[in-house]
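Working notes, structure below.
No value in this document is a laboratory result; all are computed from the given coordinates. Keep in mind that what you see is a predicted model, and the values were worked out from it rather than measured. Quick reminder, even Gly has a Cβ in these numbers, built from the backbone with ideal geometry, and neighbours come from all protein chains shown.
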């Protein structure tokens, strides 16, 4: 629909004679604006009149040149009131009709610059262009109704039907396109390029809109930049937003300090603030989430109310809805995350299947890629923790991990890493330390001695006697192991294996590799205890023998004393006088 003029020839006659505006003005609102269709749910308006008002009967068709003031005029009462205004050009019915001292004005079209009196350096080309301008200067209006209501605004440029049509005192605005900045009244320093760009703006300033319906609904928002079709279409009072790409920040209303670059980027944002979206459909579903950064196609695509997320890469954090404080860097990083928070994923498909778990850190391609609900896991390296699914509190560095394990640290991969060097151990003294062992599966730990870890406990008995056949040797390691050739003492695994295979550990090929010295020590202890028990028994026997010997000694001493007594008596007898009898 088009608007009908309400100004009849009689009122126009009064207007021209008195050089003042009548009570009833020609204005777009009075001329019955109408919708020309719903565009994405919003009403767009066109600006044009259906028919011209005929000039009054007493109007004069003027044609000529004012050589004194270098003015040119052609049309009904064109430049009829001019006094000292210079270098003006008026072509059209009532063009510059009330101008008195204004200069350097150009009016081409029906009632173009009709009410200008002292304004200067204005250019109006088109039906009722700059119609109500009085003292405004340096304005350029090209198109029907362009800058129609401008009165004192200056440095405005309007190109297109209805462009800046409602502007009154706003200044330094640029509108290019039908109905661009149509409802701007006092807003300043705005730039609108494209049909309906900044259409609803009234007092908002420092906005830039480039594209069809860009910033169409903005009213008082300031410092917004929109480039692309429907960009920032629904924004009303939001400020400091920057959007580039079709439908970027399409439904934003009051959200501020957002940056959207890419088709449909931040499309459904309404009140969320401080968001940055770069890429096709980046942060498309965000509504009230704030301080999110999405860079990449469909990055943070489904986020609605999640906050403080950073997604860099195609489809990074694509399905996140309300999860917060997540950082995803890499294609499909944290792809399936919905409500999980405080996760960090860097690398292709890192934490790709995580949904609701939190506080995971994955660095590397496919790191923790299979994790769904496991939390507080750390994975570093290509495919690190990629087999982990639901376990918590794991650390996998250069290791794929195990599906549902928890509280486990895995570093390196068997047959890939073949040597380990850890600084800060050798030469560092500690108190109360425990020897660390390595299980057949590569697990580090302290060998358990508690009965709760053992079964089938039996005395060692004669099993330890195998060590009596071992042959300790002195040796030096080969130079590739010990360049210094330090003297060593120990056993040879191959020799020990001949005595007892149980005392030897083999390598991956089943060859003897090292001696189980802890087992040897236990067997030595058993043999020592057996010898000790034998010694104790022998000492008891010796004590008994010593008692017997003492008794024998006492008996011998007693016998020796008796023998002394006998010997003494014998000696006495032998020394007594003898009676000699002679036979007759």
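What to note about this one:
- Residues of the stretch 428-456 with an amide N closer than 16 Å to a point placed 7 Å from the Cα of residue 409 along the Cα-to-Cβ direction: 434-439, 442-447.
- Ranked 117, 295, criterion: other C-beta atoms within 10 Å, fewest first: 117, 295
- Inter-probe distance in nm under a simple model that places probes 7 Å from Cα toward Cβ, at residue 514 and residue 484: 2.0 nm
- Ordering 498, 478 from the fewest to the most neighbouring beta carbons within 10 Å gives 478, 498.
- For the listed peptides 163-172, 394-403, a ranking on the average number of other beta carbons within 10 Å per residue, highest first, reads 163-172, 394-403.
- As a calculated quantity, the FRET efficiency between residue 270 and residue 152 at R0 = 45 Å, using C-beta atoms, amounts to about 0.80.
- Likely footprinting exposure, 195, 527, 541, fewest C-beta neighbours within 10 Å first: 541, 527, 195
- Taking the DSSP beta bridges with both ends in the chain, the antiparallel portion is around 25 percent.
- The modelled label-to-label distance for the pair residue 571/residue 305, using points 7 Å beyond Cα in the direction of Cβ, is 12.8 nm.
- The average projected area of the stretch 434-543, computed from the convex hull of its Cα atoms over all directions, is 10.6 nm².
- Using all pairs of distinct alpha-carbon atoms, the Kirkwood hydrodynamic radius of the stretch 274-381 works out to 12.3 angstrom.
- Calculated log₁₀ intensity ratio I(q)/I(0) where the Debye formula runs over C-alpha points of the chain, q = 0.09 Å⁻¹: -0.85
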